[in-house]
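No lab work stands behind these numbers, since they all come straight from the coordinates. Please read all numbers here as calculations on a predicted model, not as lab measurements. Cβ: placed from backbone, ideal geometry, glycine included. Neighbour counts: every protein chain shown.
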Amino acid sequence: MAGPMVLAEAVHKSYGRLEVLRGIDLEVAPREVMCIVGPSGSGKSTFLRCINHLEKIDAGRLSVDGELVGYREHDGKIYELREREVCRKRAEIGMVFQRFNLFPHMTALGNVVEAPTRVKGEPRAVAEERGRALLARVGLADKVDVYPNQLSGGQQQRVAIARALAMQPKLMLFDEPTSALDPELVGDVLDVMRGLAQDGMTMVVVTHEMGFAREVGDSLVFMDGGVIVESGNPREVLANPQHERTRAFLSKVL
Amino acid sequence: MTVGSDGISGPAGRAAGAGVRPEAIRAIPLRHPWRWVAAVVVLAAAVALVYTFASAPDLKWDAVGQYLFFPRIEEAILVTLELTVLAMVIGIALGVLLAVMRLSVNPVVSTVSWFYIWFFRGTPVLVQIFFWYNIATILPFIRLGIPFTHLQWVGQTNNIVSPFLAAVLGLGLNEAAYMSEVVRAGIISVDHGQTEAAQALGMTRVRVMRRIVLPQAMRVIIPPTGNETISMLKTSSLASIATVAELFYIQEEISNSNFRIVELLIVASIWYLVMTSILTFGQYYVERYFARGSARQLPMTPLQRFRRMLLRSHVAPPLVTADPSAASSITPHSR
């Protein structure tokens, strides 16, 4: 039995005097889909960004697939990792952003093959073939040569997912992937994510889509004020929240 | 409109409900009498100005024509172009380096860049050219060697730093300070989300800069760089102080012997104008190239605009809508 894909123990993070994360403990098993919900400013996006070291944690331990994030432990001491090592680990974790962040000067296919060819050194032909397959998988086979600004938000986000998948990650992080989309475009993106979950991808999803959390999520975490207030099976937490704060939040969003 | 959809009332209701495209509006155009007044005034002033110079008794226009294609002037134009190109190559290359250094997380590196910009932007370029020109008076020899060994190379400064090189160094090193600020502005203008997305894919900082940030920064960098190049073309005339045989130096040399000072200044000005005009034209196309992916539709080239104008005068549609055939030929992915 493999260990957890993500393991957080008492993770703390501050910006100056503002404590954003005040002790996060959680565990994500391989093939698990974990949804993190909570009001804005609760620290959920910050925690997600800590997992691939876009943010540094101040205290606690955070590891992905059994290895510390951003550090190396040797003889009881913790050493900061070199940039190259941090990059190598990030390459194994896919991330999808709220604002897509596609590279506007590259076509959809260009976006998808950039990292496999430049970071992993894959031959262009191989990367392009997989890139085309991935774009087809997210329903954009006909948009291969189109620049991002000619795509709708939903299409851009699906290209962004294909771009992350092109690195063949073992973990996918989603930071409010549908929050910047028109309501009618949300469905396509969620469909792609649902398909990914069915294929056994380990996913951590920060979201406001309670329907998605209930239907696709294996676990649900409710965060507020930098701590985990409540967690468990999504259907149970959503139907029968134990904590007062969870109840208040859910009554507003459901 | 308060009228119901059944078209009970007047003609407006009937047209709205019918679903046919109404006839194009044929309004009587607004008159603009002040445009005509302004045009007449400007034309009169222009005629007066041209007449004053054309009829100046001691201005010999045939001398202007005679010297315009004088072989020495033509050679000088080439020197001016060489100076401009070399100085800009140094300026841009070093400018990009300085800008990246300035934004580096390494405090030593960013401080070095700060001091460079502070020094070279803070002293007149004329002084800098003259300094390099006279460097041999304080450092007669240049020694390059590996410390604590006998390996060394010695050269006479006068032989190495020619007047031309002194001018290129003076102009180029000064330009680098300005270019670095141009490049830095471009880099800062790129959304930080781009860097994050690239880092999340496992790219190193250097690669993020080269592949993701700089190409996008180009769109912001190109217009002021064109500006700098045009400016450099004219600033290169300062190389005359280092006795470089560029356009300004040669025209002065000629007028010193024949005393046709203004005539030769006109010759030089004509050539400077021709060269800057060509650069302006080139800049337009470079900008267009780097607008790929940022504008949905690229701006038309002057040629395309001219063709469109001819076309329109024949067909004369009432509304200027983008016709699809012209639009498709200029979308970014037509290559």
Per GNM of chain A with C-alpha springs under 10 angstrom, the most fluctuating residue out of A:R84, A:R137, A:R17 is A:R17
Given a Förster distance of 45 Å, the FRET efficiency implied by the Cβ-Cβ spacing of B:I278 and B:L151, rounded to the nearest 0.05, works out to 0.40
Residue by residue through segment B:108-115, which ³J(HN,Hα) values in whole Hz follow from phi under the Karplus form 6.51 cos²θ - 1.76 cosθ + 1.60 (θ = phi - 60°), with glycine and proline marked x?
-> 5, 4, 5, 5, 4, 4, 4, 5
For chain A, just the Cα set please: Rg and Dmax, both in angstrom.
-> 18.3, 55
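Given the rule -39500 (n - 2.57) for each run of at least 4 DSSP H residues, summed and divided by the residues of chain A, what is its mean residue ellipticity at 222 nm, to the nearest 500 deg cm²/dmol?
Theoretical 222 nm ellipticity from helices: -11000 deg cm²/dmol.
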With runs of 4+ DSSP H residues as the only contributors, calculate the mean residue ellipticity of chain B at 222 nm using -39,500 (n - 2.57) per run, divided by the residue total and rounded to the nearest 500.
-> -21500 deg cm²/dmol
FRET efficiency (A:L18, A:I78; Cβ distance; R0 30 Å; to 0.05) is 0.80
Among A:185-198, A:218-231, the order from most to least packed when residues are scored by Cβ within 10 Å on average = A:218-231, A:185-198
Go through segment A:59-65 residue by residue and turn each phi into a ³J(HN,Hα) via Karplus (6.51, -1.76, 1.60, θ = phi - 60°); whole Hz please, and just put x for glycine and proline.
-> 8, x, 10, 9, 10, 10, 6
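Placing +1 at every Lys and Arg Cβ and -1 at every Asp and Glu Cβ, with all other atoms neutral, what dipole size does segment B:60-293 have around its Cα centre, in debye to the nearest 20?
Computed about the Cα centre, the dipole is about 800 debye.
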Just how far, in whole angstrom, is segment A:13-55 from segment B:210-260 if you go by their alpha carbon centroids?
-> 54
Compactness of segment B:60-293 - radius of gyration and Dmax, Cα, Å = 21.4, 69
Let me know the whole percent of all Cα-Cα pairs from the protein assembly as shown that are separated by more than 34 Å.
-> 62
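Which order do the peptides B:165-171, B:247-253 come out in when sorted by mean C-beta neighbours inside 10 angstrom, highest first?
With the highest mean Cβ count within 10 Å placed first, the list reads B:165-171, B:247-253.
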In angstroms, what radius of gyration and Dmax does segment A:1-73 have, counting Cα atoms only?
-> 12.1, 41
What is the distance, in nm, between label points placed 7 Å from the Cα along the Cα-to-Cβ direction at A:A10 and at B:I142?
-> 6.2
Normalised alpha carbon radius of gyration of segment A:113-254 [divisor 2.2 N^0.38 Å] | 1.20
Note the full-extension length gain between B:F259 and B:Y285 as 0.36 nm times their separation in residues minus their Cα-Cα distance, in nm to one decimal.
-> 5.2 nm
Roughly speaking, what is the stretch gain from A:D58 to A:H208, that is 0.36 nm per residue apart minus the C-alpha to C-alpha distance, in nm to one decimal?
-> 51.3 nm
Inter-chain shielding of A:96-105 (mean C-beta neighbours from other protein chains, 10 Å cut-off) = 6
Expressed in nanometres to one decimal, the distance between label points 7 Å along Cα→Cβ at A:V126 and A:D25 is 4.4
For chain A, percent of DSSP beta bridges that are antiparallel (nearest 5) comes out at 60
